[in-house]
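Following: one structure in structure tokens, then a few remarks.
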Amino acid sequence: MPAFDAAAIKSLAREKAMSLGASDVRVTSAGETHGVQQALSESFTRGDLATWPYDAAYAAKAADPSRILEGARSVICIAVPYAADAAEPLPLQGRVSNYVGSGDYHARVKQLLLDVASGIDAAAGSSVTAVACDTKPIAERAFAARAGLGWIGKHTNLISPVSGSFVFLGEIVTTLELPPDQPLRKTCGSCTRCIPACPTGALRGDYTIDATRCIADLTQRTDAIPRAMRPLIGTWVWGCDICQLVCPPNSVMISTGIVVSEGRPPKETSTPELVELLQLRSSAFKRKYARSAMGWRGGAVLRRNAAVALGNSLDRAAVPPLAEALRDDPHPLVRSHSAWALGRIGSPQAVSALKQHLRIERDRDVRAEIDAALEPYAAGRR
Ligand code: B12
């Protein structure tokens, strides 16, 4: 490889990324750190990520950027902010996490990374980079923290001192040895706001999370949401921002307008009509959601989430559409969660819809949900 000016390439990467919408860019060495691998492994052994296919082999890979690019020496860590707001939904509207507002962030951040990487390759005179955002096996928060892009909060998100935690992380792994930055000497100190604010008790307070309880995880799993967790989800239909919205550095940045780097998410995306979402059919799904960050699990998952949110609304106006979904939705997952929602609302009309449908439902899981939903209303009880 021809001689290169490491400091010049680092500034080139920074300037280019900032001109494309990044809020900060920092560098760390690509050296594997035992601490990261161990932290990931411990979390997987505890079962914190039990809904993900992560194990010790994944932890070893995620702590070692040379698995992404052979001969990796540095990782350029980039924070890309997204618009954040505490949208208050009206009755029968759901809540969607802020990050969905900016389209498919994988594509957006990846394009930024590719543009910066091609500038580095051109300056180095050969291909010396590989990019990662979200989907590759790399512990993005851990490397970002080591590069001093921010500190990891008790909610486990990386908090940038420049733009808060409503940021996507992306990395350019390179074989070039670039001058590393230092980690920040910062923690959340005695602040514990996010811990009691989490409706499902997912945050332990020691900078770890039981992700199986996190609403972001519950709303994107593809099987049944555990019954005990459903009432705690409230009206969130995709992701959750509560731990970040109560986080003081974010509230300051939201109130002063610092984190809003682009248009706020449109209302239609941030607070969707729940009945419309419950009735979402294939063509509307393709048009509205397939290319968004809430589309990757498919339409049935969104309809299931709408059913749970409608149940939690406790609004009797939700009973007719829920009864219709119980009767007509082709997916057992949606029918079973609609049954739960009718039981949660528990009006005479809801109970009668459950009893009526039990006569014709053939799916075993849906029948079990109807039985469970009717249980409190059986003769002599309640
Ligand atoms: C799986 C996953 C999830 C899962 C699990 C989340 C979790 N906390 O692990 C679920 C679905 C719940 C999820 C939710 C969200 N996610 Co997510 N997710 C991921 C993914 C793909 C892997 C994360 C992972 O490996 N988790 C395992 C845990 C153990 O590792 P970790 O949290 O990444 O890092 C920890 C360890 O490294 C440890 N650590 C690091 N160094 C060291 C050193 C020592 C000595 C010690 C003791 C510990 C330690 O501390 C870190 C914090 O817990 C990453 C992308 C990626 N490849 O990294 C995105 C990612 C973490 N998610 C992201 C986002 C935006 C979210 C949500 C905000 C989306 C939303 N609003 O719904 C929520 C936040 C929920 C939360 N409080 O974490 C961003 C985070 C941005 C940020 N500012 O931190 C990422 C980086 C994607 C991206 N490229 O932007 N996510």
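Please name all residue pairs, on different chains or six or more residues apart, with Cβ atoms under 9 Å, provided the first residue is in the range 287-316 and is closer than 16 Å to Pro332 by Cβ and the second residue is of a type in the set (Phe, Trp, Tyr) and assigned to a loop (DSSP other than H, G, I, E, B).
Once the first residue is closer than 16 Å to Pro332 by Cβ and sits in the range 287-316, its partners that are of a type in the set (Phe, Trp, Tyr) and assigned to a loop (DSSP other than H, G, I, E, B) give Gly299/Tyr289; Leu302/Tyr289.
If you go through the range 105-122, how many residues are of a type in the set (Ser, Thr, Tyr) and away from the ligand (no atom under 12 Å from the Cβ)?
1
If I filter the range 15-38 down to residues being among the hydrophobic types (A, V, I, L, M, F, W, C) and surrounded by fewer than 18 Cβ atoms within 10 Å (Cβ to Cβ), which single residue comes out as farthest from the ligand (Cβ to nearest atom)?
The qualifying residue farthest from the ligand (Cβ to nearest atom) is Met18.
Looking only at the range 196-208, filter to residues that are hydrophobic (A, V, I, L, M, F, W, C) and outside any loop (DSSP other than H, G, I, E, B); which one of those is nearest to the ligand (Cβ to nearest atom)?
Step one: of the range 196-208, the residues hydrophobic (A, V, I, L, M, F, W, C) are 197-198, 202-203.
Remaining after also requiring outside any loop (DSSP other than H, G, I, E, B): 197, 203.
Numbers: Ala197: 11, Leu203: 7 Å.
Applying the filter and picking the extreme gives Leu203.
In the list Leu184, Leu158, which residue meets the criterion of being crowded, with 16+ Cβ neighbours inside 10 Å, more than 16 Å from the chain's Cα centre (by Cα) and not aromatic (Phe, Trp, Tyr)?
Just a single option satisfies the conditions, and that option is Leu184.
Which condition from (1) buried (at least 22 other Cβ atoms within 10 Å of the Cβ); (2) without any contact (Cβ under 8 Å) to a residue 60 or more places away in the chain is the one that Ala84 breaks?
With (1) buried (at least 22 other Cβ atoms within 10 Å of the Cβ); (2) without any contact (Cβ under 8 Å) to a residue 60 or more places away in the chain applied to Ala84, the lone miss is (2).
Which residue out of Ala145, Ala130, Ala79 is in contact (Cβ under 8 Å) with a residue 60 or more places away in the chain, under 25 Å from Ala63 (Cα atoms) and near the ligand (Cβ under 9 Å from one of its atoms)?
Checking each option against the conditions leaves just Ala79.
Does the range 102-122 contain at least one residue that is touching a Lys or Arg at 6+ places or on another chain (Cβ under 6 Å), over 29 Å from Thr256 (Cβ atoms) and surrounded by fewer than 24 Cβ atoms within 10 Å (Cβ to Cβ)?
Yes.
Suppose the filter is over 25 Å from Gly164 (Cα atoms) and either more than 12 Å from the ligand (Cβ to nearest atom) or not in a helix (DSSP H, G or I) (or both); does Ser41 pass it?
Working: over 25 Å from Gly164 (Cα atoms): yes; either more than 12 Å from the ligand (Cβ to nearest atom) or not in a helix (DSSP H, G or I) (or both): no.
No.
Could you check how many residues of the range 214-237 are surrounded by fewer than 21 Cβ atoms within 10 Å (Cβ to Cβ), assigned to a helix (DSSP H, G or I) and within 14 Å of the ligand (Cβ to nearest atom)?
Looking only at that region, the number is 2.
Only one of (1) modelled with pLDDT under 95; (2) within 23 Å of Lys110 (Cβ to Cβ) fails for Gly35. Which number is that?
(2)
Quick check: is even one residue across the range 178-195 more than 14 Å from the ligand (Cβ to nearest atom), touching a Cys at 6+ places or on another chain (Cβ under 9 Å) and without any contact (Cβ under 8 Å) to a residue 60 or more places away in the chain?
yes
Regarding Cys240, is this residue away from the ligand (no atom under 13 Å from the Cβ) and either in a loop (DSSP other than H, G, I, E, B) or touching a Lys or Arg at 6+ places or on another chain (Cβ under 8 Å) (or both)?
No; evaluated as a whole, the condition is false for this residue.
In the range 162-177, what count of residues is obtained for those that are in contact with a Gly (Cβ under 7 Å, 6 or more places away or on another chain) and within 13 Å of the ligand (Cβ to nearest atom)?
Result for the range 162-177: 1.
So, Ala323, is that one crowded, with 24+ Cβ neighbours inside 10 Å and touching a residue at least 24 places away in the same chain (Cβ under 8 Å) or not?
Spelling it out, it is not the case that Ala323 is crowded, with 24+ Cβ neighbours inside 10 Å and touching a residue at least 24 places away in the same chain (Cβ under 8 Å).
The values are calculated or read from the model by the stated rules, or taken from the named source; none is laboratory data. If you're wondering where the values come from, they're calculated on a predicted model, not measured in any experiment. So basically every Cβ, Gly included, is an ideal-geometry build from the backbone, and we count neighbours across all protein chains shown.
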